[in-house]
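**Student:** For reference, the structure I am asking about is given below.
Just so it is clear, none of the values below were taken in a lab; they were calculated from the coordinates. Bear in mind that the values here come from a model prediction, so they are computed numbers and not experimental data. All Cβ positions, even for glycine, are placed from backbone atoms using ideal geometry, and neighbour counts span all protein chains on display.
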Amino acid sequence: VTTSRITLHMVSSLDGFIANADNSIGWMDSKDVYEKGIRDEDVDVAAFLAAIDCYVMGANTYEHALALGWPYGDTPTFVLTHRALPVTRATVKLVSGELANLVNELFRPHYRNIWMVGGSALTREFLRHSLADDIRLTIAPVVLGGGTPFFDHIGREQRLHLKEVSAYRNGFVELWYEIVKD
Ligand SMILES: NC(=O)c1ccc[n+]([C@@H]2O[C@H](COP(=O)([O-])OP(=O)(O)OC[C@H]3O[C@@H](n4cnc5c(N)ncnc54)[C@H](OP(=O)(O)O)[C@@H]3O)[C@@H](O)[C@H]2O)c1
């Protein structure tokens, strides 16, 4: 598929953390109200999720998702790992190897709308090697003060094009950037 797009998607605190020290996720449940924000009922979540053709994630994100309850439905999911992690779903595949090879041989030729959903280590690899097209960062209305950073010393500068900004009624803000190819 020549039109494939890889989107890096993450929810972070305002201070840039995607997980807190004890890996609990209560901070993602907002009690905030932003009156001018987009309402839940105005978002067709089902249609949005149905448009995602596959998920890609790192081993640690996968283990966390297994522990929390699987949020990715029956959409094909590739887990990057060197370990023999437990797999109970037919839609989950464990893969390993050079990231660029996986992207160009396994993901892009077969899937159009590809979502890389974590975590920090994998985000760094995708950005370092220019393997992603978009970044969608959802900022929760909270300062966590520490934890796992979304952008962890990427090691290179990267220009971005702002495609869309969405503010939600629960105080979440989504920044959608296209990665400018050099
Ligand atoms: N807020 C959010 O939206 C969000 C989303 C996702 C995750 N998270 C959080 O982020 C944290 C996880 O992030 P993380 O940076 O620790 O880890 P991660 O990016 O999820 O996983 C990194 C691991 O993936 C494996 N891996 C990476 N590249 C590989 C390759 N080319 N081939 C084979 N295996 C490869 C390695 O594990 P092995 O060698 O051990 O297999 C590596 O240690 C968790 O706390 C999670 O809760 C938050």
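**Student:** Counting other beta carbons within 10 Å of each residue's own, what order do Ser30, Ser24 fall into, fewest first?
**Tutor:** Final ranking by Cβ density, sparse to dense: Ser24, Ser30.
**Student:** Classify segment 23-85 from the C-alpha gyration tensor, please: rounded if a/c falls under 1.5, else prolate or oblate depending on whether a/b exceeds b/c.
**Tutor:** In terms of gyration-tensor shape, oblate.
**Student:** Here's something else I'd like to know. Once the dipole of the chain is set up with Lys and Arg at +1 and Asp and Glu at -1 on Cβ about the Cα centre, which of Gly26, His161, Phe78 lies farthest towards its positive end?
**Tutor:** Going by the charge dipole, the pick is Phe78.
**Student:** Given axes a ≥ b ≥ c from the Cα gyration tensor, I'd like to know whether the chain is rounded (a/c under 1.5), prolate (a/b larger than b/c) or oblate. Working shown, then result.
**Tutor:** Details: a/c = 1.39, a/b = 1.29, b/c = 1.08.
Cα axes put the chain in the rounded bin.
**Student:** Another question about this same structure. Straight-line reach from Lys181: which aspartates and glutamates have a Cα under 13 Å away, not including same-chain ones fewer than 8 places off?
**Tutor:** In chain and number order, the partners are Asp133, Asp134, Glu157.
**Student:** Which residue fluctuates the most in the chain, going by a Gaussian network model with Cα springs under 10 Å, if the choices are Ile25, Ile135, Ile154?
**Tutor:** Taking springs between Cα atoms under 10 Å, the residue moving most is Ile25.
**Student:** Could you pull out every one of the aspartates and glutamates with an alpha carbon less than 15 Å from that of Lys31, ignoring same-chain neighbours closer than 8 positions?
**Tutor:** Of all the aspartates and glutamates, those that pass the test against Lys31 - Cα under 15 Å, at least 8 places apart if same chain - are Asp40.
**Student:** A further question follows. Tell me, His82, His110 in order of fewest to most beta-carbon neighbours within 10 Å? Intermediate values should be presented prior to the final figure.
**Tutor:** Working: His82 9, His110 13.
So the ranking, lowest neighbour count to highest, is His82, His110.
**Student:** Let me spell out the model: positive unit charges on the Cβ of Lys and Arg, negative unit charges on the Cβ of Asp and Glu, origin at the Cα centre of the chain. What dipole size does that give, in debye rounded to 20?
**Tutor:** 380 debye
**Student:** First check a/c for segment 58-148, with a ≥ b ≥ c the square roots of the eigenvalues of its C-alpha gyration tensor; if it is under 1.5, answer rounded, and if not, answer prolate when a/b is larger than b/c or oblate otherwise.
**Tutor:** The shape class here is oblate.
**Student:** Could I ask something else about it? Stretched out fully, how many nm does the piece from Met28 to Ala84 gain, at 0.36 nm a residue minus the Cα gap?
**Tutor:** Going from the current span to full extension adds 17.2 nm.
**Student:** If you don't mind, another one. Antiparallel versus total DSSP beta bridges in the chain: what percent is that, nearest 5?
**Tutor:** Taking every DSSP beta bridge within the chain, about 40 percent pair in antiparallel fashion.
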